[in-house]
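Heads up, the thing below is written out as structure tokens.
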Amino acid sequence: MKNEVMKKCDLLVENLRGYSRGFWFNNHLLNVIAAMSYSEKGKVADISRVKECRKLLRRKQNILSYFRGNNELIAATSMALSNDPEQYIDELVGVYNRFQQGKILGSTFRALASITICDAGKASEADSIIARTNEIMALMKSKHPFITTSEDTSLAVILAMTDKSVDDILNELENTYVTIKSRFTFHENAAYSLAQVLTAFEGNYESKCEKALELFNEFKTVGSGYGKDYELASLGILTNISMNTCDIVSEVVEAAKYLKDKKGLGFWSVYRHTRLMIAATIVHSAYAGEDSAASASVIGGTISRVIAEQIMLMVIVASAATSASSSSN
């Protein structure tokens, strides 16, 4: 494992330790999400600032707000990472309200998608991004009504922020999904999410599919099979690293083994597939630079980093929601 990857692992462990102490009553996976947000920025978590931002959030949003509950710590962390937390939350609520126009019920995932827009510094372009997102979601729903859900909103936002036309996005997305879905029988929803991530990057869809499947097979070959559920989507970010497949997988597996020995990321804290997904995100952030093959229109060419962060947020929140539902039965 390269030194840069180890440093990023250690930063995540340090940030998670801070969140676990400061927010010990939270769902552990939510603390992981928040810690990763700071780590993605290369910063040590400022827990006092996050707590102050949470107080501000609670003053501005009541208990029924979709920026409370599972999204509360995520929103407070984004506020803390911003230059002006009060302006951030005001912009965030404004973006979400525009998302909600014409809709009766609120949505945790539309709230998360609103965070995606604001974290990308695109709040001023929210109207056009939301219009494209709604168009993309509607076309996805018409094509695949049973596997397109509100959980896809954050990825649809990322697609909407690329330079590609909506027609090109949908054509590539469908071709990508058709190419890979047979390899993930009974996991079509996850395969569709992976197809969305691959579509967000530039390049020939056949080549991207080929690399994604090579990566998946290599993880299996070395005895560290990649998950086929929510975590599968994160496999797509590894295709944007200019390294051979074996080296990428080796780095991810070594990082996962390193994290396994750390408090809060070991056997009793997170599932093996979740830990492998976290390691993949760390490796991606270490190797995918400014010149990576991604749409240059999204925050100065760093769409790959936005995807890495937002997929992790969406995947772990969805997983936490699933676990909560299971425990209530």
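The values are calculated or read from the model by the stated rules, or taken from the named source; none is laboratory data. What you see is a predicted model, and the numbers here were worked out from it, not measured in a lab. No Cβ is skipped: glycine too gets one built from the backbone with ideal geometry, and neighbour counts run over all protein chains shown.
Annotations
- Summed over segment 1-48, the residues that are of a type in the set (Lys, Arg), under 15 Å from residue 279 (Cα atoms) and not in a helix (DSSP H, G or I) give a count of 1.
- Residue that is nearest to residue 281 (Cα to Cα) [pool: residues in segment 225-244 that are surrounded by 20 or more Cβ atoms within 10 Å (Cβ to Cβ) and hydroxyl-bearing (Ser, Thr, Tyr)]: 234
- Residue in segment 133-144 that is small (Gly, Ala, Ser), surrounded by fewer than 23 Cβ atoms within 10 Å (Cβ to Cβ), at pLDDT below 95 and out of contact with any Asp or Glu (no Cβ under 6 Å at 6 or more places or on another chain) present: no
- Residues in segment 214-244 that are aliphatic (A, V, I, L, M) and more than 20 Å from the chain's Cα centre (by Cα): 222, 243.
- Residue tally, condition over 21 Å from the mean Cα position of the chain (by Cα) and polar (S, T, N, Q), over segment 1-35: 1
- Filter pass, residue 72 being of a type outside the set (A, V, I, L, M, F, W, C), surrounded by fewer than 18 Cβ atoms within 10 Å (Cβ to Cβ) and under 22 Å from residue 27 (Cβ atoms): no
- Restricted to segment 36-46, and to residues there that are under 13 Å from the mean Cα position of the chain (by Cα) and under 16 Å from residue 280 (Cβ atoms), the residue that is surrounded by the most Cβ atoms within 10 Å (Cβ to Cβ) is 36.
- Residue check, residue 117 under 26 Å from residue 187 (Cβ atoms) and out of contact with any Lys or Arg (no Cβ under 8 Å at 6 or more places or on another chain): no
- Residue in segment 202-212 that is out of contact with any Phe, Trp or Tyr (no Cβ under 8 Å at 6 or more places or on another chain) and modelled with pLDDT under 90 present: yes
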